[in-house]
Amino acid sequence: MDGAVSMPQFDPELVCTMRTALEEAMTKVPADLVTISTKAFLAECILKAAAQGHTNYADLVAAATDHIQTIASMFS
């Protein structure tokens with residue numbers, strides 16, 4: 001593959017679960033930190049978790065919400 005990175009393929013049901021998990025995670029973000037950048041960062045956390053095999057809703061929400069403190073510290 002010459003160093004190329006393959007993109008994981010997610011089935012439509014998992015994509016729906018990831019989207020719903022992201023929306024749930026965003027409800028836990030403090031109002032002053034709710035931005036497009038925050039949402040993108042948490043979406044990336046969820047995508048990485050799914051790529052590592054974490055595909056249930058609770059794990060995906062946790063993958064995002066576990067990083068809310070990181071976001072808060074970046075803005076302080």
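The values are calculated or read from the model by the stated rules, or taken from the named source; none is laboratory data. Only a predicted model underlies this, so the values are computations on that prediction, with no experimental measurement involved. Every residue, glycine among them, receives a Cβ derived from its backbone with ideal geometry; neighbour counts consider all protein chains shown. These area figures cover heavy atoms from the full protein model, side chains too; ligands, DNA and RNA do not enter into them. Shrake-Rupley method; radii C 1.70, N 1.55, O 1.52, S 1.80 Å.
Mind putting a number on the dipole of the chain about its Cα centre? Charges go on the C-beta only, +1 for Lys and Arg and -1 for Asp and Glu, and I need it in Debye to the nearest 20.
Dipole size: approximately 160 debye.
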Taking springs between alpha-carbon atoms closer than 10 angstrom, which of LEU60, LEU47, LEU14 fluctuates most in the Gaussian network model of the chain? LEU14
What are the semi-axes of the equivalent ellipsoid of the chain, taken as the square roots of 5 times the eigenvalues of the Cα gyration tensor, listed largest first and rounded to whole Å? 23, 16, 10
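Residues of the chain: accessible area per residue at 1.4 Å, in Å²? Numbers along the way, then the final one.
On the way: 5150 Å² over 76 residues.
Result: 68 Å² per residue.
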For a quick protection proxy, order the peptides 5-11, 22-28 by their average other-Cβ count within 10 Å, most packed first. 22-28, 5-11
Using a cut-off of 14 Å between beta-carbons, work out the net charge of the residues near LEU22 (Lys and Arg +1, Asp and Glu -1, LEU22 not included). -1
How much length would be gained if the chain were fully extended between PHE10 and HIS54, taking 0.36 nm per residue of separation minus their Cα-Cα distance, in nm to one decimal? 14.7 nm
